[in-house]
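Data block below; observations after.
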Amino acid sequence: MTGYFTEKIKESLDYRKNIVVPNFVYITIFLTIFTLLYIFASIVIIPENGPQNFNFINERGTITVMSAIFLISAGAFSLSSAIVTLKYKDRCKWFWLILFFAFMFLGFDELLQFHERAGRIIHNIIEPPSIFRSWNDIIVIMYGPIALMGIFFLFPLGVRYPMVMEFFLMAFIFYFIHTFIDSTFQPRTVSSTIFEESFKLLSGEFLALGSFMGLLGLLWSFPINNPADS
């Protein structure tokens, strides 16, 4: 099993060497600066009679909205990549389809609060363990290990394209910091809430960047505009 896994990674890395994508550094810097400025604006611009961290704790706040936009954008890029792989019968189609459904679920979860609703239902049946504030926190924490297992099993396919898994790993690190703050700072303070949700937003940004880089890698690796392939 280990030998098969290693061989697939080697094949993907060899495939990756032949892909030259446009310079992504400027895109990354621009989007990161935009995200940081957006976070700053969310701190400064407070609704009338709202708490200082309103935009970070309320589902109608600016952070939840932008987080959902990043996640749904990641889903849209993944779906686009899946369509390209279907045209060229590439074996990565399942990789992108799985990511599409995962990102869309997380995006709608941000807006419709699936985990909070599920947490309230479970709480009515059984009390959460004393080390956690609520079942909502437990569900959110579980997203991390599930994502890590997904990264592990999909790694041989994701590494085929430049910076996809690197950006996804950065997103996981930011999500881990978000979860760590959420789990350890009790009771929550204004500062801890702002930092916690800011790292969640940065996680969403890098998921969108990773999916975008995957789409670029596909477009630059397949002869999309070659009439002979039509």
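Assess whether Asp137 counts as being assigned to a helix (DSSP H, G or I), at pLDDT below 75 and surrounded by 15 or more Cβ atoms within 10 Å (Cβ to Cβ). Give the derivation first.
Details: assigned to a helix (DSSP H, G or I): yes; at pLDDT below 75: yes; surrounded by 15 or more Cβ atoms within 10 Å (Cβ to Cβ): yes.
Answer is yes for this residue.
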Filtered residue count, the stretch 152-174, keeping only those that are without any contact (Cβ under 8 Å) to a residue 60 or more places away in the chain, out of contact with any Leu (no Cβ under 6 Å at 6 or more places or on another chain) and open to solvent by less than 40 Å² (accessible area, probe 1.4 Å): 4
Subset of the stretch 182-199 (residues that are without any contact (Cβ under 8 Å) to a residue 40 or more places away in the chain and either in contact with a strand residue (DSSP E or B) (Cβ under 8 Å, 6 or more places away or on another chain) or in a helix (DSSP H, G or I) (or both)): Thr184, Ser191, Ser192, Phe195, Phe199
Exclusive hit being over 23 Å from Phe100 (Cα atoms) and open to solvent by 20 Å² or more (accessible area, probe 1.4 Å), set Ser183, Ser198, Ser192, Ser221: Ser183
Residue match in the stretch 73-84 (condition: farther than 18 Å from Leu209 by Cα and hydroxyl-bearing (Ser, Thr, Tyr)): no
Residue within the stretch 196-207 that is farther than 27 Å from Val140 by Cβ and either more than 18 Å from the chain's Cα centre (by Cα) or at pLDDT 90 or above (or both) present: no
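The values are calculated or read from the model by the stated rules, or taken from the named source; none is laboratory data. All values reported here derive from a predicted model rather than from experimental measurement. All Cβ positions, glycine included, derive from the backbone under ideal geometry; neighbour counts span all protein chains shown. These area figures cover heavy atoms from the full protein model, side chains too; ligands, DNA and RNA do not enter into them. Shrake-Rupley method; radii C 1.70, N 1.55, O 1.52, S 1.80 Å.
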